[in-house]
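One structure is given below, encoded as structure tokens.
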Amino acid sequence: MKSAHSIPDGAGIAPGSLRRGLRISITASSLGMMWLAVALSMPFVMLLEALGASGVLLGISTTVRQIAIVGQIPGSLLMEWLPRRKLAWAILACIHRALLLAPAWLAWRHPQAPYTIKLIIAAVSASAVIESLGAPAWHSWMADLVPESWRGRFWGKRQAITNMAFMLALGFSGWLLDRYPTGNGANLNGFALLLTIASVFGVADILLHACVPEPAREPALPGRHWLARIVLPLRHPSFRNLAIAIGIWLFASTMAGAFNAVYLKRVFHVSYTGLSAMTICGAISIIVASIFTGYLIERIGARTFAVIMMCVAPLFSTGWFFVTARPIGLTIPFYGEIQTSQALLLTCAIALAASGMFGAVSVCHLSLLGALAPKRERTLAMAVHLCLVGLLTAGGPLIGGLIVDAFTRNPSSLMLMGGTRFNYIHMLHLLYAVIVWTLAVPFMMRVRARRDPLNIAEAFGRVILVNPLRFASGLYHAQVLGAAAPRKRRRRAAEALGAAGAEIAITDLIARLDDPVADVREAAAMALGRIGGQEAHAALLAKIEDPDNDLTLTALRALRIVPDARLARRLLPLLNDRETLVVREVVRTLGACGDPIAVGPLLELLHRTPQGLLVAITAETLGHLGDISAVYEVLPRFRTAATPFMRRALAAACGDLMGEPDGFYRILNREDSAFGSGVSRLLNRARTELLWPRRRLPLSERRTARALLAKLDRAYEGEALKEAAATSFNLALCLARNKYGVAWNGDITAFLQALDCRDSRFTVGAWYLAILNGAFVHMDTSGSLVHVRDRIEIILAVHLAASWIAEIDSPAHPPPPGALSLTSYWPPNKLETGADQP
């Protein structure tokens, strides 16, 4: 669709002039919103309603505008033939805007004449035809003028500003019409005055556009028949599918939306000011949505965003089924109390929530059209596109009008919530939802302008399936992050994006990883870590692997916030880094990732690290990973640790490996608060558990185990450490005999080997208790096989005993494939010191 040698957007125009021209265009269009607010919105519909128009005539008044779009094709051929577009467009547009004076004169001079409605519709039709002749020139002019990289944000900004003007115009219209009564044969002077004002503003819009520059364009291909030129754009599947999708979307939207105000006026007698308030709420919604629509289009793609909005918008139509006539009084500060109705409040809420989605689809449409339309003969291509859209849309208001008249002649007997009768508005909104979901969405999904940054499923997860407040916060702070803000504000914005989990802002945060300010770089890295996901993790890994960056430590910490097991393989090579601080962070991050593939390299690291903080960190990480083979490296380090800090850290790692994860850590904290509080509480809970029947522990053995637990408690309270160690080992013998059928025969080697075949975790614990009881003291050369020496070793023994009792009926833990064998770490030996038989 695009020429290989196309002229760049805005070619021949200096950047300063281009920006100034775009600002003038937005200002001029804001003036034109007065014309649009009157001629194409509630006031014009209410004029026809005041004249007594039927539903069909109301539908025809909208349908003729859509059919008139066919005039864009001859208009585009004319504009392609002319050397410049702007003058011809201005002449036609001024005539089109000035024709609104005809309905104004008829409303003023002939409000009761039987031909007034027909003449007004004829004037509107003529105006629409003239508009269609000139519209292709404006669309192609803007498409050539706005650079492709600016499209999303420009159209979003334009829509936000022009809708502000639209909102003000509607508010003024409602106020003015309520000043002039229209019922019981009254004149329509209010409508006449309003139409006149709108026509003046509309012409001013066109005249101000004279200051907007017009870029050069490529000439049409010579020697081609006009019919071939018309058909050519439609051969492009995406160009055709976009037109069909938008046409069906507008068909369904106008079929239902054209009669919202009519329903409220006829059924609930809402005032013109109330109807304006509803439309103003819709304009506010569009303004707010427009601020962020351009940004969202850049982040997730125009087609993807349009599909999401089309899927969600019809859901708000359910609100019309809950509209009632119940009066409601509202107290407004500094104004007083006003009386309104539930119908008006609810429809205003619906407009406030849903209208922004219609505006978003409109911006997506313009963005996609600018991308798909060919540079050469763009005016004609856009005319063909809009003509197809208009023809598809044309039937919506007419069919809607037929349904309105059918329900008016034959009211339904079905009653809804609050005593409201099922009416034409409910049928129209049901049909709207069905048509959009079954036709418009599938056609939009077939559009392929360029590869969208996110697919539809990912975009749903980032835009819809999130906390709306956090999403709004993310959008705001993403704007701050990309603006020319001070460093502190930008850093806070990055932190807020991370706190909100704003996945939509991942691209913005990745860009800030190269920010000139270190605080901003670090805040962006931590924010990416909090958000998580493949894209964020890939950016952090890229920084870690970059030798010329200062974010390695920060990025490693960030990866621990929302870890992913798939990161482990990329991090393992960093265990050999020359910087000890980097290795420490890598070890901790591997533990957070939880991939067992890290156990072997971490054991090697522990084996070659003689002492220091890295030993404690590595042992803690191995404890988190839970591979039982690691205990044979960690336990000797624990028993020979030189400092209290190192002993506690290694003991916590052993506790995680041999018993309930974090259980030992909790006991240790209680013991730090008050001696005996953690141990006594845990032993009491274990004795309580033994009160209940256990499948693998008969009553007599449960009594024995309870007695041993009580004896262990007394020994610990009396600080009789050797007695506590012997009691703990006797409890292990009792549980081994009843759960695994392994009886003690005085041979520690045979006993542990038999246990190792049944439950590797239990075996490690029994080995540790045997060491505390002195089973290997005569073979000690390093201090790791001596008798029990301090309370922390008994606390660990209590933790093991309580964990075993809690899991007495649980399945065993067989040795994992490739796990290190117990026999690799202790020599055959008979327990010469003996152990009391339980």
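So here's what we get for this one:
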quantity	calculated
Efficiency of FRET from Cβ geometry, S673 and H778, R₀ 51 Å, rounded to 0.05	0.85
Options V599, A539, L574, ranked by Cα towards positive dipole end of region 473-605, top entry (Cβ charges)	A539
Rounded to 10°, Cα long-axis angle of helix 151-179 versus longest principal axis of the chain	60
Local electrostatic count, A505, Cβ distance below 13 Å [Lys/Arg +1, Asp/Glu -1]	+1
Burial ranking of peptide ranges 325-331, 99-105 (average Cβ count within 10 Å, highest at the top)	99-105, 325-331
Qualifying chymotrypsin sites (Phe, Trp or Tyr not before Pro) for region 455-487 [loop in DSSP, other Cβ within 10 Å: at most 15]	none
Region 584-700 shape via C-alpha gyration tensor axes, a/c threshold 1.5	prolate
Portion, in percent, of the accessible area of the chain that falls on carbon or sulfur, probe 1.4 Å	61
Interchain or long-range residues, amide H under 5 Å from R421's placed H	L416
Under-5 Å amide H pairs with S341, H placed in peptide plane, nonlocal only	I328
Cβ-placed point charges (K, R +1; D, E -1), dipole of the chain about Cα centre in debye, nearest 20	2100
Where E535, E689 fall by accessible area, highest first, once all protein chains stay in place (1.4 Å)	E535, E689
Mean-position separation - Cα centroids, region 87-109 and region 558-577, in angstrom	69
With all protein chains modelled, accessible area of L234 [1.4 Å, Å²]	50
Cα-centre dipole for region 745-803 with unit charges at Cβ (Lys and Arg positive, Asp and Glu negative), debye to 20	120
Cross-link pairs K157/K543; K488/K543; K86/K157; K118/K265; K711/K739 - those with Cα-Cα distance over 30 Å	K157/K543
3J(HN,Hα) from dihedral phi, region 190-201, Karplus parametrisation 6.51/-1.76/1.60, rounded to Hz, x for glycine, proline	x, 5, 4, 5, 5, 5, 5, 4, 4, 5, 5, 5
Residue (of F154, S173, M142) at the positive-pole extreme of region 88-177, dipole from beta-carbon charges	S173
Added length on full extension, which subtracts the Cα-Cα distance from 0.36 nm per residue, F322 to E604	94.7 nm
The chain - percent relative contact order, Cα under 8 Å, separation 6 or more	11
Relative contact order [Cα under 8 Å, 6+ residues apart], region 83-158, whole percent	43
Positive dipole terminus of region 415-570, leading residue within V466, L481, L416 (C-beta point charges)	L416
Identified option (computed Cα extents along the principal axes in Å; candidates [x] 120, 65, 50; [y] 158, 92, 49; [z] 104, 77, 50)	[x]
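The values are calculated or read from the model by the stated rules, or taken from the named source; none is laboratory data. This structure is a prediction, so every number in the text was calculated from the model and none was measured. Counting neighbours? That spans all protein chains shown, and the Cβs are built from the backbone with ideal geometry, glycine included. The protein model used for the area step is the full one, side chains on, heavy atoms only, and it has no ligands, DNA or RNA in it. Shrake-Rupley method; radii C 1.70, N 1.55, O 1.52, S 1.80 Å.
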